[in-house]
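Chemist: Let me give you the structure first, and then I'll get to my questions.
The values are calculated or read from the model by the stated rules, or taken from the named source; none is laboratory data. Source: prediction; values computed, not measured. So basically every Cβ, Gly included, is an ideal-geometry build from the backbone, and we count neighbours across all protein chains shown.
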Protein chains: 2
Amino acid sequence: MRTNKHLYAVILAGGTGTRFWPVSRKSRPKQFLDIAGKGSLLQGTLERIRPKVNGSRVFIVTSASYRKTIERQVSRFKIPKANIMLEPQGKNTAPAICWAAAKIHRIDPEAVMVVLPSDHLIAHPGKFSRVLGEAISLARKDYLVTLGIVPTRPETGYGYLQTKTKNAEGRPVVHVEKFKEKPSLSKARQFIKRKNYFWNSGMFVWKSSVILGEFRKYLPGVYRLVGTKVGTAHVQKVWRRLPNISVDYGVLEKARNVVAVPAHGIGWSDLGSWESLREVLSPDQQGNIFKGDVISVDSKNTFVWGGQKVIAAVGLDNVIIVDAPDALLVCRADRSQSVKDVVSILQKNNRPET
Amino acid sequence: MRTNKHLYAVILAGGTGTRFWPVSRKSRPKQFLDIAGKGSLLQGTLERIRPKVNGSRVFIVTSASYRKTIERQVSRFKIPKANIMLEPQGKNTAPAICWAAAKIHRIDPEAVMVVLPSDHLIAHPGKFSRVLGEAISLARKDYLVTLGIVPTRPETGYGYLQTKTKNAEGRPVVHVEKFKEKPSLSKARQFIKRKNYFWNSGMFVWKSSVILGEFRKYLPGVYRLVGTKVGTAHVQKVWRRLPNISVDYGVLEKARNVVAVPAHGIGWSDLGSWESLREVLSPDQQGNIFKGDVISVDSKNTFVWGGQKVIAAVGLDNVIIVDAPDALLVCRADRSQSVKDVVSILQKNNRPET
């Protein structure tokens, strides 16, 4: 076993995204879906860190309402039940990470923790593992390390890291200067040209001691509530008083020792939309990606996520079709961000298909 | 009752079209479907002629395999069971019409018969009734009368009637010179400009005596087999020897006394494709036509024929979506003729969805 005994993993699995509607639902968000055909995204995340982190040192922070799904999906990874940390409500990443850091820190004050979203896709786990190794080395030197994805297109659906300098050893490790929210297309194009911008992957590595210090400094309210006392009863009681804030904006934007390890070619996607999934899958010669029982007549650049019935695609170009048992989505490919509008309409009408 | 006692109707209901796939199937062709929301197309056809023709004088020629469906659908029209004429196999319109003409002629040698396809849509039955009245008047003068639809666009999916002169009274009744098969787009554009071309509706009126005379002259083989003897046992025996030929090409192209009554504004469609249905329905301000449970986000000129589930259409333009319980069609609107290719593929693979 090459796992490192001071190395821990925190998997953030509380997301409620419905941007993969109609396949993802409130009760079945995308981390639990088998998007890539190799188990759920959560299971894929656990597989990726398995070579480095023993199951007993993996923690999963999730919503109380997903407990059963989580237990079922992670059973083969030998994660102690006590490591499944249930948030009474979603409060974004800062409270979850602070709580997990405190919990790990009590077990091992020398802990280095890898924080990973549970709902991303990484097509090339070997490359990811090497990048993660670099990040862990830097975390041991007390850096707050983020994985920065080298952008391949002016994506407006991601946040960006603006970086400053390479590190002393000339390695492609760069100090993070600013976190940029999802930019306009023209901004995104500028970012791509300038070469010092990376996609903010939401993957982090740091010592529990270091991140707790930063929480104490920049989010003292969070630190006070979940940065020292970590018991379930206590957390249950105080959770609703926590702010809803991300670790990026609450801590990392203010901290000084943030570095990015550029990740190139790991095949990362945050799977924020059907379109983003399409981009990481391999199309056929016509640019089509078909899952399920599909008959194409002169269709190209078309993405079909089929269900139980035969789907005929005739003369289409740049269309996304997703067929679920109780709902169907047909969407122009470059409009897949608007799926959230469909979900809003459904929610507003109290419909069951959300 | 204003029905005319020498007036008979022959409804051709043996069609097996699958161009409304996935809603139409081999076992459920479009004449039996409720396309316009007011009963099946067959029932609509019977409703339209009800004011003119008593149920006892309505004959339906259909495939033996549709007998039960027909009986169920026509029960309210008081059509005698003996008037439902079952073809052992489909042989196109000439044999069916010759057989029906002979059968009616034995009942009433003075009969005028209205021949109507059972699977067309006529949005304005009042106007249709007036046109039909004109056609009947002309048929009484021994003309072979066709209803010619005044074209509204250079449609390539229809056959055309090329006509010569207005009739003596200056009424818009025109001698048919040629039957033109589905033209190319450039041909169709010429036809439209020239004003003497009409869409061939497949609706005819003539005396049984007159049409039987034409059969004897131009299709003597058909006349010999089903133009004199009409009993079921006889027809069963000889049917397979009949040629597969339409009355248009077998008789009307050769006959001399064919006239067209121009029909304008009757809202006719042969419903040869989803696109042709779309053209006769009323779109909303965005050009959309939605049946069923549809959520549109910025879609326009989009046609959704929904089934049991919610359908979200996002950012679409000129798309046809048809959702059936076991099959889904998503089609560029101007490619709906290619639905037949989908059905061919399904048939070739012996699939149940045809």
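Chemist: With the range B:262-354 as the region, which strands (runs of 3 or more DSSP E) entirely inside it contain at least 2 residues that are farther than 20 Å from residue A:353 by Cα?
Modeler: B:319-324, B:327-332
Chemist: Check the range A:275-294 and report whether any residue there is within 12 Å of chain B (Cβ to nearest Cβ) and either within 20 Å of residue A:197 (Cα to Cα) or in contact with a Lys or Arg (Cβ under 8 Å, 6 or more places away or on another chain) (or both).
Modeler: yes
Chemist: Among (1) buried (at least 23 other Cβ atoms within 10 Å of the Cβ); (2) more than 7 Å from chain A (Cβ to nearest Cβ); (3) closer than 30 Å to residue B:125 by Cβ, there is one condition residue B:323 misses while meeting the rest; what is its number?
Modeler: Among (1) buried (at least 23 other Cβ atoms within 10 Å of the Cβ); (2) more than 7 Å from chain A (Cβ to nearest Cβ); (3) closer than 30 Å to residue B:125 by Cβ, residue B:323 violates only (2).
Chemist: Could you tell me whether the range A:305-319 includes any residue that is within 8 Å of another protein chain (Cβ to nearest Cβ), within 27 Å of the chain's Cα centre (by Cα) and of a type outside the set (Lys, Arg)?
Modeler: Yes, the range A:305-319 contains a residue that is within 8 Å of another protein chain (Cβ to nearest Cβ), within 27 Å of the chain's Cα centre (by Cα) and of a type outside the set (Lys, Arg).
Chemist: Scanning for something facing chain B (nearest Cβ under 7 Å), over 23 Å from the mean Cα position of the chain (by Cα) and modelled with pLDDT of 95 or more, does the range A:335-342 turn up at least one residue?
Modeler: Within the range A:335-342 (the criterion being facing chain B (nearest Cβ under 7 Å), over 23 Å from the mean Cα position of the chain (by Cα) and modelled with pLDDT of 95 or more), the answer is no, since none of the residues qualifies.
Chemist: Of the residues that make up the range B:23-41, is at least one hydrophobic (A, V, I, L, M, F, W, C) and within 14 Å of chain A (Cβ to nearest Cβ)?
Modeler: Yes, the range B:23-41 contains a residue that is hydrophobic (A, V, I, L, M, F, W, C) and within 14 Å of chain A (Cβ to nearest Cβ).
Chemist: Within the range A:9-60, which residues are among the aliphatic types (A, V, I, L, M), without any contact (Cβ under 8 Å) to a residue 60 or more places away in the chain and farther than 23 Å from residue A:131 by Cβ?
Modeler: Matches in the range A:9-60: A:33 only.
Chemist: Could you figure out which of (1) loosely packed, with under 15 Cβ neighbours inside 10 Å; (2) touching a helix residue (DSSP H, G or I) at 6+ places or on another chain (Cβ under 7 Å); (3) among the acidic types (Asp, Glu) isn't true of residue A:275?
Modeler: For residue A:275, the failing item is (1).
Chemist: Moving to a separate point now. Would you mind telling me which numbered condition in (1) touching a helix residue (DSSP H, G or I) at 6+ places or on another chain (Cβ under 7 Å); (2) more than 7 Å from chain B (Cβ to nearest Cβ); (3) over 21 Å from residue B:274 (Cβ atoms) residue A:353 fails?
Modeler: In the conditions (1) touching a helix residue (DSSP H, G or I) at 6+ places or on another chain (Cβ under 7 Å); (2) more than 7 Å from chain B (Cβ to nearest Cβ); (3) over 21 Å from residue B:274 (Cβ atoms), residue A:353 misses (2) alone.
Chemist: Which one of the conditions (1) buried (at least 21 other Cβ atoms within 10 Å of the Cβ); (2) among the aliphatic types (A, V, I, L, M); (3) over 17 Å from the mean Cα position of the chain (by Cα); (4) under 30 Å from residue B:321 (Cα atoms) does residue B:185 fail to meet, given that it meets all the rest?
Modeler: (1)
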